[in-house]
1. Condition (residue is surrounded by 16 or more Cβ atoms within 10 Å (Cβ to Cβ) and closer than 19 Å to residue 225 by Cβ) applied to segment 119-134: is it met by at least one residue?
2. Determine if segment 57-75 includes at least one residue that is in contact (Cβ under 8 Å) with a residue 24 or more places away in the chain, assigned to a loop (DSSP other than H, G, I, E, B) and touching a helix residue (DSSP H, G or I) at 6+ places or on another chain (Cβ under 7 Å).
3. I'd like to verify a number: residues in segment 185-194 that are touching a residue at least 60 places away in the same chain (Cβ under 8 Å) and either over 14 Å from residue 265 (Cα atoms) or outside any helix (DSSP H, G or I) (or both), how many?
4. Give 194, 126 a once-over and let me know the one that is touching a helix residue (DSSP H, G or I) at 6+ places or on another chain (Cβ under 7 Å) and at pLDDT 95 or above.
5. Which of the residues belonging to segment 17-38 are assigned to a loop (DSSP other than H, G, I, E, B) and more than 24 Å from the chain's Cα centre (by Cα)?
6. Here is a check on your reading of the model: is residue 96 under 25 Å from residue 43 (Cα atoms) and either without any contact (Cβ under 8 Å) to a residue 60 or more places away in the chain or assigned to a loop (DSSP other than H, G, I, E, B) (or both)?
7. Do we have residue 391 as out of contact with any helix residue (DSSP H, G or I) (no Cβ under 7 Å at 6 or more places or on another chain) and either within 30 Å of residue 263 (Cβ to Cβ) or surrounded by 13 or more Cβ atoms within 10 Å (Cβ to Cβ) (or both) here?
8. Restricting attention to segment 39-55, which residues are touching a helix residue (DSSP H, G or I) at 6+ places or on another chain (Cβ under 7 Å), closer than 21 Å to residue 15 by Cβ and modelled with pLDDT of 90 or more?
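The values are calculated or read from the model by the stated rules, or taken from the named source; none is laboratory data. Being a predicted model, the structure only gives us computed values, none of them experimental. Positions of Cβ are generated from backbone atoms using ideal geometry, with glycine treated the same way; all protein chains shown enter the neighbour counts.
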């Protein structure tokens, strides 16, 4: 979501950028609180080893229209895009539950709810109920919140409808580069589902053309959902159009008989788990300058693989889990949480070293290389012994013995 960082060439200063006011307006309409926006952006920035969390004040500055670090502006723009295209991810997974006040509080404070709901009560009464005073159940409040939530869900469904159709278009146009490939997110699958549901080819075609008009209408005009007044974030077409490119797409789908379609019905597959045993390496197998996997060095481990049907992707997927470890490959014990995570490739540490213009080799390789370089340097110095005094030769020879011992030590230091 964050995007690429941009830095001034030949300086350590970060580039500045200005957030478009529409982005700040959209984010506040959907999230209601700046702190929530900052927290969501920082969740993404934390995953970037070269960024990390940023201060609230920096986001506040950006959202107020002032120049700010470009990484913060990109994070805010990325959040806006994600919340436009996948709003369900940022809303409660379940609708209003038994504890209605608690459910409402995760979205906004009582003052916000009082403004958007047409309640037959004073704001102080609602505040008291929010604080747990009075009757726990308020049917009048629940009725209005349920109606509001239904409007939110309808808006979310339309946003996802547009996003799904964009995904199917990307799949179709990607065939030019990747060739035909079966995918649940394809027009082939969408059409085949409708046929299996009993629609005729002509009916499917009409639906397909209508979806094309819907998609083309909303490709650049998608709005974010305003929680204070949830409306359809897409724009229904106000014209009829016979799209040549859509007709061409349809003809290709018919010609290949929807061959990229993926069935809703899972194939027969073995659900019994399988196991294998392997052994982790040591410092020589680290993928970054840090010894991240010391607790795993030379341990034998047993992995369980379980196949399952992924309903969303419509494919047989495999879940793996480390279920036992052993020092000798004979006596096995349950793994610790660290051992369950398995070998850490150290991508973040590798990126940090690369960004700092440092060696990305593991520490074992760096230490061994440094020891060998010292030996070669002393050997070259000693080769010019004709220009050295006897005392200098003795001193260098002693250092050379020590340096060769360091090489041997670095070579054999594979554990810690």
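1. Checked segment 119-134: no residue is surrounded by 16 or more Cβ atoms within 10 Å (Cβ to Cβ) and closer than 19 Å to residue 225 by Cβ.
2. yes
3. Filtering segment 185-194 for residues touching a residue at least 60 places away in the same chain (Cβ under 8 Å) gives 186-189, 191-193.
Narrowing the set further to residues that are either over 14 Å from residue 265 (Cα atoms) or outside any helix (DSSP H, G or I) (or both) leaves 186-188, 191.
Here the count works out to 4.
4. Numbers: 126 fails: at pLDDT 95 or above.
On inspection, the qualifying residue turns out to be 194.
5. Restricting attention to segment 17-38, the residues satisfying the condition of being assigned to a loop (DSSP other than H, G, I, E, B) are 18-20, 32-33.
The answer is 18, 20.
6. Working: under 25 Å from residue 43 (Cα atoms): no; either without any contact (Cβ under 8 Å) to a residue 60 or more places away in the chain or assigned to a loop (DSSP other than H, G, I, E, B) (or both): yes.
The answer is no for residue 96.
7. Values: out of contact with any helix residue (DSSP H, G or I) (no Cβ under 7 Å at 6 or more places or on another chain): yes; either within 30 Å of residue 263 (Cβ to Cβ) or surrounded by 13 or more Cβ atoms within 10 Å (Cβ to Cβ) (or both): no.
Taking the combined requirement at face value, the residue does not satisfy it.
8. Here is the first cut: in segment 39-55, the residues touching a helix residue (DSSP H, G or I) at 6+ places or on another chain (Cβ under 7 Å) are 40-41, 44-45, 49-54.
Then keep just the ones that are closer than 21 Å to residue 15 by Cβ; that gives 41, 44-45, 49-54.
Result: 41, 44, 45, 54.
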